[in-house]
1. What single numbered condition from (1) assigned to a helix (DSSP H, G or I); (2) out of contact with any Lys or Arg (no Cβ under 9 Å at 6 or more places or on another chain) fails to hold for GLU108?
2. Looking at the range 86-108, which of the residues that are farther than 19 Å from ALA45 by Cβ and loosely packed, with under 14 Cβ neighbours inside 10 Å is nearest to the chain's Cα centre (by Cα)?
3. Return only the number of the condition from (1) part of a loop (DSSP other than H, G, I, E, B); (2) closer than 24 Å to GLU14 by Cβ; (3) of a type in the set (Val, Ile, Thr) that THR79 does not satisfy.
4. Among the residues of the range 7-29, count how many are of a type in the set (Val, Ile, Thr) and surrounded by fewer than 16 Cβ atoms within 10 Å (Cβ to Cβ).
5. Give just the number: which of (1) of a type outside the set (Lys, Arg); (2) within 16 Å of LYS27 (Cβ to Cβ); (3) open to solvent by less than 60 Å² (accessible area, probe 1.4 Å) does LEU80 not satisfy?
6. Pairs only if they're at least six apart or on different chains, beta carbon under 6 angstrom, first in the range 94-107 and more than 19 Å from THR81 (Cα to Cα), second surrounded by 13 or more Cβ atoms within 10 Å (Cβ to Cβ) and of a type in the set (D, E, K, R); list them, first residue then second.
7. I'd like the residue in the range 45-62 that is closer than 16 Å to GLU14 by Cα and among the charged types (D, E, K, R) and, out of all such residues, is least open to solvent (accessible area, probe 1.4 Å).
8. Determine which single condition ALA67 fails, assuming it passes every other condition in (1) small (Gly, Ala, Ser); (2) under 21 Å from THR2 (Cβ atoms); (3) part of a helix (DSSP H, G or I); (4) at pLDDT 90 or above.
Amino acid sequence: TTIDLIQKGKEDPEYQKHLLLFLTAVKEADVAKYAAETEKNSPKAIAIREVLNRYELIAVAIKEGIACEHLYKSFTCNTLTKHYIASKDHIEKVRGRTSVPTLYIEFEKLAAKWKNKPLKAGWDWRNSFRRLWSR
């Protein structure tokens, strides 16, 4: 399941298009701008939602034990935490605008957890596979 989640994101051309727009917004430091009601249907706002929704799905899958946290963390720890930091203001503004304080909450919790406990130098990714196959 974890490998499928990783591969689907890499192979899905629609998601790749959204990711590219998200990264453009991150690079331009204007992710939060797309939280406004007037921007919510813009291509970048849609792309940001798609990327954040995917991170939320992954965080929920990890929380529920459907995806292997060790494997996913080894693959994308730094990226996930950086993307959360880049989109934090956007998430807070959308939460305020929509009055949904739990929006992307699992993504937020996972990013905070990984930021506080990053991968250790010399971490052996094979342990994730061993845990995955021993289930």
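The values are calculated or read from the model by the stated rules, or taken from the named source; none is laboratory data. In this text, all values refer to a predicted model and were calculated from it rather than measured experimentally. Every residue, glycine among them, receives a Cβ derived from its backbone with ideal geometry; neighbour counts consider all protein chains shown. Surface accessibility is based on the protein's heavy atoms, side chains included, excluding ligands, DNA and RNA. Shrake-Rupley method; radii C 1.70, N 1.55, O 1.52, S 1.80 Å.
1. All conditions are met except number (2).
2. THR102
3. Here THR79 clears every test but (1).
4. 1
5. (2)
6. PRO101/ARG95
7. Here the residue is ARG54.
8. Against the list (1) small (Gly, Ala, Ser); (2) under 21 Å from THR2 (Cβ atoms); (3) part of a helix (DSSP H, G or I); (4) at pLDDT 90 or above, ALA67 comes up short only on (3).
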